[in-house]
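Only one structure is covered here, and it is reproduced in the block below.
The values are calculated or read from the model by the stated rules, or taken from the named source; none is laboratory data. The structure displayed is predicted, hence computed values, not measured ones. All Cβ positions, glycine included, derive from the backbone under ideal geometry; neighbour counts span all protein chains shown.
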Amino acid sequence: MRKRLQFSWLLVLLGLFFAKPAAASHMQGGDLTYASLGNNRYLVTLHIYRDCSGILPSSFDLVCRSGGCGTPATVTTPFVQVGAPVVSTQYCATLTGLCNATVTNTEAYTYTATVTLPPAAQWVLSTAQNARPSTTNITNPGDLYFEATLNNLIAGTTTSIVNNSPTASVQPAFFVPVHQLTSLSNNAFDVDGDSLVYSLETPLQGCGMPVSFASYPSATGVISTNPACTFQPLPISAYSAALPIFVDTDTVGTCPVKTGINPRFFFDARTGNVTLQPGRYLNTPSANGDNKYAASIKISEYRRINGRYVLVGTMRRELYFMVYDCGNNLMPVVSPQVTVQTGTRSTVQALGQAIPVVAGESVSVLINASDRNAGQALALTLAYNAVPGTTLQNLGNGQARLTFTPALGTVPGSYRVAVTAEDNSCPIKGMDTKLVTFNVVASGPLAARAKTALVIDAYPNPFTEAVQFQLSTPGVQVLTISDNLGRAVATVRSQPDGSVRWQPAATLPAGLYLARTIDGSQSVRLLRNAAN
């Protein structure tokens, strides 16, 4: 049987060994996005999140290069601050607005700039400031670098395109409780309906310049002396993009030696969600950075152009994890079941199951959350939501109604809405964030809709070795996979929850494939890339 092992006493000693001196730097994370204004003009937006224990931010310049990292800037322009900074609301109501040098908290700033970017194979948009704060997982913190790319000229052609970058639904600075499993959303919305692929990346301190990760704490701990029992941790030498924070692990084996396996850090490349269970907390000054970790997620946009999927842009989210000790408070729990209401029809389904909706029509979802601490009040929120057409109504007792009405012109595809349940614990509220997925189909005559297969989403797509997707209905179903000429190349079955994983043979060539249910009601196009 696997058990979770927590060595608070050992980690305190390790934390003291790896502790860093205080720094006056201030920026926790953020992202750089852009939106087309027409005629090759783009509005570029910088969101940054300042550590309240650091200094105030200074000015930023937007740098645009069309020739790679080693080339001079093609366009440079200053960013202009928009509006007043906004303090994070994760502290309880009596401490709302708390932002000073003695606490760990976040203050959000927004800046914009307008630039003209003629068609090019790739534009690299960036800004940086020598203001990365001290964190446990990075040595010699220096510049915090923000980057997005725009490919508005299809490589090898004269075809130019217009693109809008994805916009994130949740701020990138997260409070995470020590020794509690927490789900964090990094979901984004793309107004163009492009296919989004999420990946964990090493944070950058400049164009093409990754940071250096610090050593990962490791030691053999004594669990007990009578009977003699020790813990052998995982052989992890340093923090990495795939494991940027110290987390608890599961264990196997029996005394006298138990071995650590499976770090409690999980990443979903389909949604960008991170689920983690921090493994240590040190009661040291906020500016020391002992409980803070930096990470980065890249969101890549693929668009189908002339029968093939083309990379049209990327944006990076610079993340910041702040570990805290929540005492006896337990995080809220969002129910794994929801009630979907379409017109007069009401059905109960799994939270992770996609909900079909016709563009221009409404669907409502009843979501329930519970709290394991007696006497606490619960509320659900759509804070930082980027998906248009969504509203949330709190109904009391941990229940809320999420309504989604996609506009008539909404591009068919999958849209995910991040819903957060929060309690009123003090000083820091406990939170649980979950995604609700909607599959939008085009509006039209009912007869035409009945003949149209529901298009479902796959990840990663394009893929190299294996691809996964989720059918809109649960149950074991048979799917046929055909090549671009209509020839069947495989038959697969979904799991009872409707999930499907296809790993074709290495001999199957790269190309476009179509997976379709036997009744033709659901389909997904899969693009296989050639192996490197």
Check: Which members of segment 282-312 meet the condition of being within 20 Å of residue 54 (Cβ to Cβ) and in a loop (DSSP other than H, G, I, E, B)?
Finding: 282, 283, 284, 285, 289, 290, 291
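I'm trying to understand the selection: among the residues of segment 64-83, which are part of a strand (DSSP E or B) and either crowded, with 19+ Cβ neighbours inside 10 Å or among the polar types (S, T, N, Q) (or both)?
Selection gives 64, 65, 76, 77, 81.
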Item checked: segment 104-138, subset closer than 15 Å to residue 204 by Cβ and of a type in the set (S, T, N, Q), residue surrounded by the most Cβ atoms within 10 Å (Cβ to Cβ) -> 135
Item checked: Yes/no for residue 479 being at pLDDT 85 or above and either among the basic types (Lys, Arg) or within 27 Å of the chain's Cα centre (by Cα) (or both) -> no
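For segment 202-251, enumerate the residues that are in a strand (DSSP E or B) and either closer than 26 Å to residue 299 by Cβ or out of contact with any strand residue (DSSP E or B) (no Cβ under 7 Å at 6 or more places or on another chain) (or both).
Filtering segment 202-251 down to residues in a strand (DSSP E or B) leaves 204-206, 209-210, 213, 215, 221-225, 228-232, 238, 247, 249-251.
Listed by number, the residues that qualify are 204, 205, 206, 209, 210, 213, 224, 225, 228, 238, 247.
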Item checked: Counted residues, segment 99-116 - those being over 15 Å from residue 84 (Cα atoms) and modelled with pLDDT under 80 -> 6
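Take the residues in segment 254-276 that are in a strand (DSSP E or B) and hydrophobic (A, V, I, L, M, F, W, C), then tell me which one is farthest from residue 166 (Cα to Cα).
As a first pass, look at segment 254-276 and keep what is in a strand (DSSP E or B): 257-263, 265-267, 274-276.
Going one step further and asking which of them are hydrophobic (A, V, I, L, M, F, W, C), we end up with 257, 261, 265-267, 274, 276.
Numbers: 257: 48, 261: 35, 265: 25, 266: 23, 267: 19, 274: 18, 276: 24 Å.
Selected residue: 257.
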Next item on the list: Read through the list (1) closer than 19 Å to residue 435 by Cα; (2) of a type in the set (A, V, I, L, M, F, W, C); (3) modelled with pLDDT of 90 or more, then give the number of the only condition that residue 382 fails.
Entry: (3)
Margin query: Out of 299, 305, I need the residue that is in the same structural domain as residue 48 (by TED's automatic domain parsing), aliphatic (A, V, I, L, M) and crowded, with 19+ Cβ neighbours inside 10 Å. Which one?
Written below: 299
Notebook entry, point to check: Can you find even one residue in segment 432-447 that is buried (at least 17 other Cβ atoms within 10 Å of the Cβ), outside any strand (DSSP E or B) and either assigned by TED's automatic domain parsing to the domain that holds residue 515 or modelled with pLDDT of 90 or more (or both)?
Noted result: no
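Would you call residue 280 over 30 Å from residue 222 (Cα atoms), in the same structural domain as residue 106 (by TED's automatic domain parsing) and modelled with pLDDT under 95?
No: the conditions fail for residue 280.
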Notebook entry, point to check: Which of (1) of a type in the set (S, T, N, Q); (2) surrounded by fewer than 16 Cβ atoms within 10 Å (Cβ to Cβ); (3) without any contact (Cβ under 8 Å) to a residue 40 or more places away in the chain does residue 464 not meet, given it meets every other one?
Noted result: (3)
Notebook entry, point to check: Looking at segment 178-191, is at least one residue surrounded by fewer than 18 Cβ atoms within 10 Å (Cβ to Cβ), under 23 Å from the mean Cα position of the chain (by Cα) and more than 30 Å from residue 437 (Cα to Cα)?
Noted result: no
Item checked: Selection from segment 344-394 of residues that are assigned to a loop (DSSP other than H, G, I, E, B) and either on the phi > 0 side of the Ramachandran plot or hydroxyl-bearing (Ser, Thr, Tyr) (or both) -> 344, 360, 362, 375, 384, 389
